[in-house]
Amino acid sequence: MENDLAKRVVVIGAGIVGASLAYHLAVKGAKVTVVEAEGIASGVTGTSFAWINASHHESDPIAPLRGAAIEAYRRLETQLPGLKVRWTGALSYSASSRKSLPGSDKQASKKVVSRSRIIDLEPKLKNPPQSASYAADEGALDAAEATYALIAGAQANGARVLTQTRVLGFENLGATVTGVNTAIGIIEADIVVLAAGTGTAKLTEMLEAPLPIEASPAIFIRYKSPLNLVQTLISSPEMEVRQGSDGALLAAEDYLDDALENQPAAMALRTAKAIQNELHGGAYLDPELACVGFRPMPADGIPVIGYLPKIGGVYVCAMHPGVTLAAIVGRLASEEIMDGEPSSALDPCRPKRFFQT
Ligand SMILES: Cc1cc2nc3c(=O)[nH]c(=O)nc-3n(C[C@H](O)[C@H](O)[C@H](O)COP(=O)(O)OP(=O)(O)OC[C@H]3O[C@@H](n4cnc5c(N)ncnc54)[C@H](O)[C@@H]3O)c2cc1C
């Protein structure tokens, strides 16, 4: 039976962040409507390297969020059968650790490992470094598949999902937002959550509360590859690679510029050569997809999570690294919205920092 008193929440955006919000809110009894301009996971989530990278230093303002990211995903895996993380561990090294030991890291589970252990972990490395950081508890997922699983979980808890439905504006009563305008009409809401990735900046402009969230490009590459080329996830100056559950080799590269030689297809060929220099058995790497994805990057690099100041009823969720943080932020934000329980871990992320004069 439908509960007429339930809080009506519109979540704008069906990327991994909006999907996690929708799932956690629906489980808590909200009457959720997800409104997505295109398709599920059609934004940057669909081309993410999707490393759940919990590594952090003590001075990192979002250290508590990163620190809780793994446990939050492990919990979701028990709730949603379609959400599967490959907990392979992650091996990171810099140019200097080719010769010496890297500095200490604050992540409890992250250890400095020696060359012999690196060879055990990654037998196909041609030139293993003297040492590396190894986070045995980290992993990665198929971010689109996880988003579908979260949306299915939200729907199983009563959420309505509208795809191909762009939010064009807002309804308001005085300084409080009461709904969203779409081509199919007004959808009323007690709370509107902005989880629209790089589209969030435009939505806040419509509300005359603009947030500085840039579209930050990065290159995603997917290769047809021999199986078991990489066992963990390797992050080094030469390459950032991991193998997907279907055997494809996935790579992420910095976006350099729009010169012809730095276009995604050219980068895919250059990156393949770099990988072949690093790994035995990498001779047959066939690029299947190479594209630029735009990450929602707040101007100060810190996620923007919380209520917009001066406007009632609007909660923002825009961040990088969005895959790492989606599970924990979905949980904490849903507790704030539904139970009125502010989370101190979200304090550094409040939108009000951009509106102080
Ligand atoms: C190459 C690459 C590698 C990456 N690697 C990692 C990594 O290893 N780890 C990590 O944590 N992160 C990584 N990221 C970043 C990560 O992918 C993003 O932070 C995350 O996917 C953001 O999710 P989102 O849901 O906020 O945004 P999106 O997936 O972009 O979702 C936003 C949705 O909102 C919709 N929308 C926008 N405007 C409107 C509107 N007006 N009305 C309705 N709907 C609207 C869009 O259509 C879109 O579907 C990487 C990104 C790239 C490109």
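Restricting to region 244-275, name every residue that is in contact with a Ser or Thr (Cβ under 7 Å, 6 or more places away or on another chain) and without any contact (Cβ under 8 Å) to a residue 40 or more places away in the chain.
Those that are in contact with a Ser or Thr (Cβ under 7 Å, 6 or more places away or on another chain) and without any contact (Cβ under 8 Å) to a residue 40 or more places away in the chain: Gly247, Leu249, Glu253.
Of the strands (runs of 3 or more DSSP E) that lie entirely inside region 133-233, those containing 2 or more residues that are more than 25 Å from Trp51 (Cα to Cα) span 160-162, 167-173, 176-182, 185-188, 191-194. Pairing residues of region 17-37 that are within 21 Å of Pro81 (Cβ to Cβ) with residues that are among the polar types (S, T, N, Q), at Cβ distances under 6 Å and at least 6 apart in sequence or on separate chains, gives Ala19/Thr147; His24/Ser334; Leu25/Ser334; Ala26/Asn157; Val27/Asn157; Lys28/Ser334. Condition first: in a strand (DSSP E or B), among the aliphatic types (A, V, I, L, M) and at negative phi. Can you find one or more residues in region 293-303 that meet it? Yes, that holds for at least one residue.
Only one entry of Cys317, Cys291 meets the criterion of being within 11 Å of the ligand (Cβ to nearest atom), modelled with pLDDT of 95 or more and surrounded by fewer than 16 Cβ atoms within 10 Å (Cβ to Cβ), and that entry is Cys291.
Within region 269-282, none of the residues are within 15 Å of the ligand (Cβ to nearest atom), under 26 Å from Ala146 (Cα atoms) and at pLDDT 95 or above.
Here the condition is being modelled with pLDDT of 95 or more, within 29 Å of Gly313 (Cβ to Cβ) and more than 16 Å from the ligand (Cβ to nearest atom); of Ala69, Ala26, it holds for Ala26 alone. Filtered by the rule that a residue be open to solvent by 10 Å² or more (accessible area, probe 1.4 Å), closer than 15 Å to Ile275 by Cβ and within 15 Å of the ligand (Cβ to nearest atom), region 211-229 gives Phe220, Arg222. Just to be sure, is Ser59 within 12 Å of the ligand (Cβ to nearest atom), among the polar types (S, T, N, Q), over 17 Å from Gly139 (Cα atoms) and surrounded by fewer than 24 Cβ atoms within 10 Å (Cβ to Cβ)? The answer is no for Ser59.
Please work out if Leu249 is closer than 30 Å to Ser59 by Cβ, under 21 Å from the mean Cα position of the chain (by Cα) and within 15 Å of the ligand (Cβ to nearest atom). Considered against the rule, which asks whether it is closer than 30 Å to Ser59 by Cβ, under 21 Å from the mean Cα position of the chain (by Cα) and within 15 Å of the ligand (Cβ to nearest atom), Leu249 comes out as no. Spot the failing condition for Val113; the list is (1) under 24 Å from Ala251 (Cα atoms); (2) surrounded by fewer than 16 Cβ atoms within 10 Å (Cβ to Cβ); (3) modelled with pLDDT of 95 or more, and only one is missed. Evaluating Val113 over (1) under 24 Å from Ala251 (Cα atoms); (2) surrounded by fewer than 16 Cβ atoms within 10 Å (Cβ to Cβ); (3) modelled with pLDDT of 95 or more leaves (2) as the failure. Here is a check on your reading of the model: is Ala183 assigned by TED's automatic domain parsing to the domain that holds Ile305, farther than 14 Å from His320 by Cβ and within 13 Å of the ligand (Cβ to nearest atom)? The answer is yes for Ala183. Read through the list (1) assigned to a helix (DSSP H, G or I); (2) crowded, with 24+ Cβ neighbours inside 10 Å, then give the number of the only condition that Pro64 fails. Failing condition for Pro64: (2). Taking the listed residues Leu168, Leu125, the one that is within 13 Å of the ligand (Cβ to nearest atom) and either modelled with pLDDT of 95 or more or open to solvent by 30 Å² or more (accessible area, probe 1.4 Å) (or both) is Leu168, with no other qualifying.
Between Gly185, Gly247, Gly174, Gly197, which is at positive phi and touching a helix residue (DSSP H, G or I) at 6+ places or on another chain (Cβ under 9 Å)? That would be Gly197, the only listed residue that is at positive phi and touching a helix residue (DSSP H, G or I) at 6+ places or on another chain (Cβ under 9 Å).
Residues in region 245-292 that are in a loop (DSSP other than H, G, I, E, B) and more than 27 Å from Leu211 (Cα to Cα): Ser245, Asp246, Gly247, Ala248, Ala259, Gln263, His280, Gly281, Gly282, Ala283, Tyr284, Leu285.
Against the list (1) part of a helix (DSSP H, G or I); (2) open to solvent by less than 10 Å² (accessible area, probe 1.4 Å); (3) more than 13 Å from the ligand (Cβ to nearest atom), the condition Gly306 fails is (1).
Within region 38-55, restricting attention to residues that are part of a loop (DSSP other than H, G, I, E, B) and open to solvent by 30 Å² or more (accessible area, probe 1.4 Å), the residue that is farthest from the ligand (Cβ to nearest atom) is Ile40.
The values are calculated or read from the model by the stated rules, or taken from the named source; none is laboratory data. Just so it is clear, the structure is predicted and the values come from calculations on it, not from any experiment. As a convention, Cβ positions derive from the backbone with ideal geometry for all residues, glycine included, and neighbour counts pool all protein chains shown. Just so you know, the surface numbers come from the protein's heavy atoms only, side chains and all, with ligands and any DNA or RNA stripped out. Shrake-Rupley method; radii C 1.70, N 1.55, O 1.52, S 1.80 Å.
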